[in-house]
Structure formats: structure tokens, C-alpha cells
1. Any chance segment 417-425 includes a residue that's modelled with pLDDT of 95 or more and open to solvent by 20 Å² or more (accessible area, probe 1.4 Å)?
2. Test each condition in (1) within 15 Å of the ligand (Cβ to nearest atom); (2) not in a loop (DSSP other than H, G, I, E, B) for Y145 and report the one that comes out false.
3. Assuming G421 fulfils every condition listed in (1) over 30 Å from the mean Cα position of the chain (by Cα); (2) within 16 Å of the ligand (Cβ to nearest atom) apart from one, which condition is it?
4. Counting just the residues of segment 179-209 that are outside any helix (DSSP H, G or I) and away from the ligand (no atom under 13 Å from the Cβ), which one comes out most open to solvent (accessible area, probe 1.4 Å)?
5. Output the number of residues of segment 210-227 satisfying the condition of being away from the ligand (no atom under 14 Å from the Cβ) and either at pLDDT below 95 or not hydrophobic (A, V, I, L, M, F, W, C) (or both).
6. Whether any residue in segment 262-269 is at pLDDT below 95, small (G, A, S) and either under 30 Å from I86 (Cβ atoms) or more than 16 Å from the ligand (Cβ to nearest atom) (or both) is what I want to check.
7. Being away from the ligand (no atom under 14 Å from the Cβ), open to solvent by less than 40 Å² (accessible area, probe 1.4 Å) and either closer than 22 Å to E264 by Cα or in a strand (DSSP E or B) (or both) is the filter here, so list the residues in segment 294-345 that pass it.
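The values are calculated or read from the model by the stated rules, or taken from the named source; none is laboratory data. Quick caveat, the model's predicted, so the values are computed rather than measured. Virtual Cβ from ideal backbone geometry, glycine too; neighbours counted across all protein chains shown. The accessibility values were calculated without ligands, DNA or RNA, using every heavy atom of the protein model including side chains. Shrake-Rupley method; radii C 1.70, N 1.55, O 1.52, S 1.80 Å.
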Amino acid sequence: MITGKNYIGNKLSAQGSIKYSTINPVLNLENNWKSTEATAEEIAEATALSSRAFKDFRKTTPDQRATFLEAIADEIERLGSELIEIYCLESGLPQGRAEGERGRTLFQLRSFAEMLRKDDWQETAIDFAIPDRQPIPKSDIRKTYIPLGTVVVFGSSNFPLAYSTAGGDTASALAMGCPVIVKSHPMHAGTGELVASAIVKAAEMTNMPNGVFSNLNSKGIEVGVQLVKDSKVKAVGFTGSIKGGRALYDIANQRPEPIPVFAEMGSINPVIITQKALEEKGSQWAKTYADSITLGTGQFCTNPGLILGVQSPELDAFTSELASNIVDIDSMCMLHPSIKGAYDLNKSNVLNQAGVETLTTPLNVEVNYADQTVAKVDGKVFLANPALHQEVFGPFSVVVQCENKSEMMEIIEGLEGQLTGTIIAEESEINDLTDLVDELQQRVGRIIFNGVPTGVEVCNSMNHGGPYPASSDSRFTAVGLDSVKRWIRPISYQNFPSELLPKELK
Ligand code: NAP
């Protein structure tokens, strides 16, 4: 049941006067429950409780934390159809997507649990002493990793489960022994509260310290800002827009004690299609990409927003087939009126730039539904106008018609950092692609051959991140088991008595 209250550790609390509702975007109506924004006092209470909980939580064994994560997964499953129903009411996303995303969330939690139960996840190092080394003896030095402390998690609107309350950031931070405070996303506060209730129940059942998890409601940005400024908070996980991620990153760096902000942000995910691929399978790729651009109403950070090819009749044919395929797909609801508003605004900003040609006729769509759109522009115009390089979050893509390969390479070299880059080519030209791969891999975190960037597999080889502004630190991934590395730091023990060493170093 949704109470609309905050979780400060295991306690429900609603001291504040700011109440807000989430929106059902399909009906364009407020949902019939209200959440109460956390007050400054409640935020301070949550961070103080969390930092006290850290003293005990960091001493839990990997096995105990694995049991906790498994219990969270079980409790989320137990929420059953209520969770799916609220998710759909708050996001406008279909039931199948809700169930798929819940499956992914459970899988993530259970994967971290499985990792904790194996001995080899800690990258420890031991250098034995060499007492008779000349000219000076060598000490016994052993290295392991310890948790950073309280992590604040900001989820994004487009993944109410997998990148939110019990999403990858929360699961990976808890796995490492860091308490988590979630700054609940205002667009899915009900979904967030239900998931928070499951985490709190799991914490109680597995005897985790009170304060290991809190969930704070927010209508605006103030709650998040206060959390990032709080000296008891030691790291931040953020998934969302470049604007939001950068603002929080700057706040964290201006603190007397700066802290790391692992921000996963927006991207336009360039796709390069070769002349041979256009000649051989242009129609097929036009169909595949119409589907990829509209998947989830285009509301994915991996949405292909930019397609690059060299001018030719085949590129023209591909571009117009892409445009006609995309308008044949039923238009779909966006997550929220403000996401739809931002889509319309950002899209028209691109379409109104000089030299941009819209290839789709505007569709007559219902309120909060997106009219999928494709545009084209010449390479020179694209190169000269940074406004064309910005993410338009929604079912929108620009085809850039380059004069030749060297102009295409110049465009790739000038792109901001991206989550993904894709190459569409024929097998027969693989040996001609070395330069392209070399240039593209400098700009992206994941590089795809003959596929689509949408769909992020949760597995150990996955890197989800990329050079700034795709993420704030390209050395880390937000998806997969390696994402735990964001929440720990190395520590070396020199000449330590065995009794005082952590178990893994004894
Ligand atoms: P968003 O507007 O940036 O919001 C994300 C969260 O950050 C919200 O809780 C929001 O709170 C908070 N926030 C935003 N600006 C803030 C500020 N200046 N100070 C404090 N808090 C702030 O993003 P969104 O619209 O929810 O999600 C869509 C974006 O996420 C797209 O750009 C998409 O590409 C990106 N995304 C990236 C990934 C990835 O893995 N790289 C995955 C999914 C989505 P308020 O709503 O209260 O402002």
C-alpha cells in the first residue's frame, strides 16, 4: 500500500507540508495518491542514521549482504501485481515492459548476491616481506578494498525499477557495504515507495542495521541538493540528464570534502552506415532502425539519435525508407507531460536550425504521445552547429549526409563522449574499417557491429558509461558486476599482525 511517506531507515515519516501527486500520462490525470516531500530535518535525520548504520553494515560479511540482496529480490517479487499496476499508472509504459524491467531488477540483485558468495570478486594483492633485501628490507604489504560510506542514489524517469530505488546503483552499493539513501524520482514516487518498503522489510528480516536504506520523496531538486551537500554522504550515483548530473557533480566538487559523483547521463549514440551496407541491406537496416529509434517511445539513453553516411542515392533511399517506416509505427505515450514538453521543445530546436530538413510529416497524436520524427542534414552544417549535437530524449533521429569519408571522420572526432557507437557494414569490408573503429572507440563506452545500441545486457563484459558527458567518469561502468568498483577504495596494510588483517588478507 502506498502511504506517501518517506522511509528514514525502517521508520515511515511525513513531517513536511509539500505534497505532490504523480501523473498518469496516458489519461493525463493525477494519480490518486500523494507523496510528502522530505523536510530538511528528515534529510538530516536520514544521513545521520545512515552514517551510524555504516559502522555495523561495513562489518557484515559478504554472505550476510548476499542474503540481504536476495531477500530484497524476494520481497520485490512479493509485491506482485500491485507493483506492476502502479508502475504502469505512473509511467504510461506497457505491462510487458514493467514485467521485463522487474525481471532485470531481480536479476541484478541476485547477480550481486551470487558474486558476493564467490571468493574471487575482491581484487586483493599480497606482497610478502623480504627482510634481507639490500639495501633496505621490504615490508609485508597487503591490499584490499573497503566501502566508501553512505551513497545517495538518483534514479532516472525512464527506468522506474532497474535504474531507480532498487536498481543497479542501490544493489551494487549495498553489495559493497555502503548504506544507501535514495532520492526518489518525483515521476514515479509510488513505485519507488513500494520498492522501498520491500528493501526495508528485507533489511529487518536479515538483521541489517536500521538506516542501511532510506527513501526520501522530493517534488523538486532541493532534497537532492541538500543530500549531496551533506558531509555524511560519501558518494553519489546518478542516472539522468546531462544538466542534472553536471549540476550535482559541481555541487559535490565544491564541498569542503569533495566526493565522487558517478553520473550516467544522456547520449546521442552515433551510428555509421557504410556505402556497401546501404547497397546490400539498406531497406533491412531502415526497418531495424525505425524499430530501435521508437523502442520505449525513444526514451532510452542508448537511443540512436544520429546516423552518419556518405552522400549517395542509396543513402537517400535509406533515409526516406527510415522516415516512412517510422511513421507507420503506432505512436506511443511518453513518461510524463514534462518529458513530452521537453521532447517537443528540443526537437523543434533541432528542426528549426538552418539546413535541417524534416522528413516525416507531423502526426496527429494524443496528448503526451510522441510523434516520431526523422530529419536530415549535410555533414558541413552538422559540423558547424553544436545545437545539432544535443540529445533529443524521445523517438527522434537525424541522418547526417557526409560529403565523403574524411568529413565523416572529422564529425566523429568532434563528437562529445557517447555511451555507444555503432558500425553497420558488410563482412567483405571489415579490413577497411580499422581507422573508423580507432576513431570511434575514442568517443564511446561500447562499440557495436551490425546491430542496434538499444538494449543493455546485464553481464560482466558490459560497459555502460563513456567519456564525458556520457558519464562523469569513463573508467567505471554503471551496469554489470564491475559497477561495484565505484563504491569502494583501496587500502594497504603494511607489516600488519595477522589477527588485525581483514579475513581476505590473512
Ligand atoms: P533528470 O531530469 O536529470 O532527473 C534525474 C534525477 O535527478 C531526478 O530525481 C531529478 O530530480 C534529479 N535532478 C535533475 N536535475 C537536478 C539538479 N539540478 N539538482 C538536483 N537534482 C536534480 O533525468 P530524467 O528526465 O529523469 O531522465 C531522462 C534522462 O536520463 C535522459 O537524458 C536519458 O538519456 C538519461 N538516462 C541515462 C541513462 C544512462 O545509463 N546513461 C539511463 C537512463 C536515462 P527532479 O525531477 O526533482 O528534478
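1. We begin by selecting, within segment 417-425, every residue modelled with pLDDT of 95 or more; these are 417-425.
Narrowing the set further to residues that are open to solvent by 20 Å² or more (accessible area, probe 1.4 Å) leaves none.
There is no residue in segment 417-425 that is modelled with pLDDT of 95 or more and open to solvent by 20 Å² or more (accessible area, probe 1.4 Å).
2. Every condition holds for Y145 apart from (1).
3. Failing condition for G421: (1).
4. Filtering segment 179-209 for residues outside any helix (DSSP H, G or I) gives 179-185, 206-209.
Still in the running and away from the ligand (no atom under 13 Å from the Cβ): 179-180, 206-209.
Numbers: P179: 0, V180: 0, T206: 30, N207: 135, M208: 17, P209: 23 Å².
Ranking the candidates gives N207 first.
5. Filtering segment 210-227 down to residues away from the ligand (no atom under 14 Å from the Cβ) leaves 210-214.
Then drop every residue that is not either at pLDDT below 95 or not hydrophobic (A, V, I, L, M, F, W, C) (or both), which leaves 210-211, 214.
Residues flagged as away from the ligand (no atom under 14 Å from the Cβ) and either at pLDDT below 95 or not hydrophobic (A, V, I, L, M, F, W, C) (or both) within segment 210-227 amount to 3.
6. Of all residues in segment 262-269, those at pLDDT below 95 come to 266.
From what's left, small (G, A, S): 266.
From what is left, the residues that are either under 30 Å from I86 (Cβ atoms) or more than 16 Å from the ligand (Cβ to nearest atom) (or both) are 266.
Yes, segment 262-269 has at least one match.
7. T294, I307, L308, G309, C333
Rundown of residues vs (1) free of Cβ contacts under 8 Å to residues at least 24 places away in the same chain; (2) under 13 Å from the mean Cα position of the chain (by Cα), yes/no style:
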| site | (1), (2) |
| --- | --- |
| L440 | no, no |
| R446 | no, no |
| C459 | yes, no |
| H464 | no, yes |
| F476 | no, yes |
